[in-house]
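Notes for the one structure printed next.
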Amino acid sequence: MADALAPSVDQSTLAPMPETLTITDNRTGKQYDVAIKNGTIKATDLRQIKAGDDDAGLMTYDPAFMNTAACYSRITFIDGDQGILEYRGYPIEQLAERASYLEVSYLLMFGELPTAAQLAEWTDRIHHHMTVRPSVQDLITTFQSDAHPMSVFQSAVAALSACYPEAKDVASEAVRRRQEYRLIGCTPTIAAYSYRHAAGLPIVEPDPSLAFTENFLRMLFKGEGEYQADPVLARALDVLFILHADHEQNCSTSTMRNVGSSHADPYASAASAVGALYGPLHGGANEAVLKMLAQIGSVERVPEFIKQVKNHEALLMGFGHRVYKSYDPRARIIKKTADEVFKVTGLNPLLEIAVELERIALQDDYFVKRKLYPNVDFYSGLIYQAMGLPTGMFTVLFGIARTAGWLAQWDELVQDPDQKIARPRQIFVGPARRDFVPMAQRA
Ligand code: SDX
């Protein structure tokens, strides 16, 4: 299945000659040399280590994949201790400052910043695919108005699979590219349709003559007359989309890769990734942060909440990270962006509670010892709320932005000759073999 156009990772560019690990199995006294490559050993090299003839050999046990690399990737690099995030080698700070979201989505997909002509073509292809089929529009309108927007978003993304059966031909680069245009192009449309439907407002069709986030804001907020997005808000949304575009092997991206490894089409894979993102420990945290801040209610009640967190009665949502053990570089940029947005929208009153929470947490040993810092979700919801979006839409916006990363990672997976269908093993600790018990004999 591997696409000859994308060579597998050239080992020599990654590390010098492989070193080895010598393992002594004290059960048998035997020794084994296992190759070390790029700081890893291949888990399957452990299968040779057996205690006896009927032994299947050693496996690794790594719940939640805390210390397991599932792939080689050239897309995103994170140094959690240094708080470094780079897309294809470019620091996130420079991209947020100087690029557009569509420019970054091109970089993630193809590995290089686009020329003006390449960006124009990429933008044109995506803008050409922003409309959503009537069947998907109808699906969105079947949801009751209080349906959670993430449920609607996930259902509509999955429904795209029924609209484009060609997408199953994942081996074809041209077919993959068309689906990538469609998904990046129409996720904002799906989001805006679901928002307008829930609000009882008429649908606003996409306007391909507008820039990506200007068009999205117009589909969301256009009233009776013409609508012109505030350039500060359009740019702030572009920056937020850049910051959320990819983040190497996070839960939703790993889900995209897992489902994609079965050669399911990219819509089915992306709908699964949306499901993973929905969780409050992942993308759903931006919504949970706003609920937490509203529940705290005032700066005076912050110490009481911190006490609840330290008693393990609550999580400080928007804090902590599996990889970052220092300040999430994205949170720093978002905080700066918030200041610019609030100059237009007016200050979000919950900001002072968030700032006080951060101030206390950054100096309290409980959080310092656990290396808990604000992550990308801590301040983003404050901006979305100030822009006029309901909390249920916050994670949908995360999903729109992450669509570029999910697709770039999926495209890399499909072309990677190292990859096969994902199928982890288990350690069986259930009952030994036993015979069926007739109903009359059951206790
Ligand atoms: C995202 O992976 C990615 O890259 C994700 C993401 C992306 O761009 O894709 O960056 C986006 O999902 C950001 C994370 C958003 N989630 C939250 O803000 C929810 C709150 N955070 C926590 O649930 C937690 O920090 C996680 C889930 C983010 C990370 O959890 P880990 O790595 O499994 O860490 P852990 O749960 O083992 O915690 C270690 C210790 C524990 O204390 P002890 O048992 O040692 O006493 O830290 C504590 C935890 O109780 N802890 C927290 C905490 N996070 C961890 N305590 C209070 N509040 C928190 N938020």
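The values are calculated or read from the model by the stated rules, or taken from the named source; none is laboratory data. None of the values given here were measured: they were computed from a predicted structure. All Cβ positions, glycine included, derive from the backbone under ideal geometry; neighbour counts span all protein chains shown. What goes into the accessible areas is simple: the full protein's heavy atoms, side chains included, and nothing from ligands, DNA or RNA. Shrake-Rupley method; radii C 1.70, N 1.55, O 1.52, S 1.80 Å.
All but one of (1) in contact (Cβ under 8 Å) with a residue 24 or more places away in the chain; (2) in the same structural domain as SER151 (by TED's automatic domain parsing) hold for VAL259; which doesn't?
All conditions pass for VAL259, except number (1).
All but one of (1) part of a helix (DSSP H, G or I); (2) within 29 Å of GLY275 (Cα to Cα); (3) not assigned by TED's automatic domain parsing to the domain that holds ALA229 hold for LYS371; which doesn't?
(1)
Could you grab me the full set of residues in the stretch 276-318 that are in a loop (DSSP other than H, G, I, E, B) and more than 21 Å from PRO349 (Cα to Cα)?
Scanning the stretch 276-318 gives GLY279, PRO280, LEU281, HIS282, GLY283, GLY284, ASN311, HIS312, GLU313, ALA314, LEU315.
Anything in the stretch 265-286 that is open to solvent by 20 Å² or more (accessible area, probe 1.4 Å), more than 8 Å from the ligand (Cβ to nearest atom) and either touching a residue at least 60 places away in the same chain (Cβ under 8 Å) or under 18 Å from SER380 (Cα atoms) (or both)? List them, or say none.
ALA268, GLY275, TYR278, GLY279
Would you check if VAL323 is open to solvent by less than 70 Å² (accessible area, probe 1.4 Å), within 8 Å of the ligand (Cβ to nearest atom) and part of a helix (DSSP H, G or I)?
It is false that VAL323 is open to solvent by less than 70 Å² (accessible area, probe 1.4 Å), within 8 Å of the ligand (Cβ to nearest atom) and part of a helix (DSSP H, G or I).
Kindly check whether there is at least one residue in the stretch 334-347 that is within 14 Å of the ligand (Cβ to nearest atom) and not acidic (Asp, Glu).
yes
Within the stretch 218-259, which residues are away from the ligand (no atom under 16 Å from the Cβ), within 24 Å of GLU93 (Cα to Cα) and surrounded by 19 or more Cβ atoms within 10 Å (Cβ to Cβ)?
LEU233, ALA234, ALA236, LEU237, ASP238
Please find, among LYS336, LYS371, the residue that is touching a Lys or Arg at 6+ places or on another chain (Cβ under 7 Å) and either within 24 Å of ILE84 (Cβ to Cβ) or free of Cβ contacts under 8 Å to residues at least 40 places away in the same chain (or both).
LYS371
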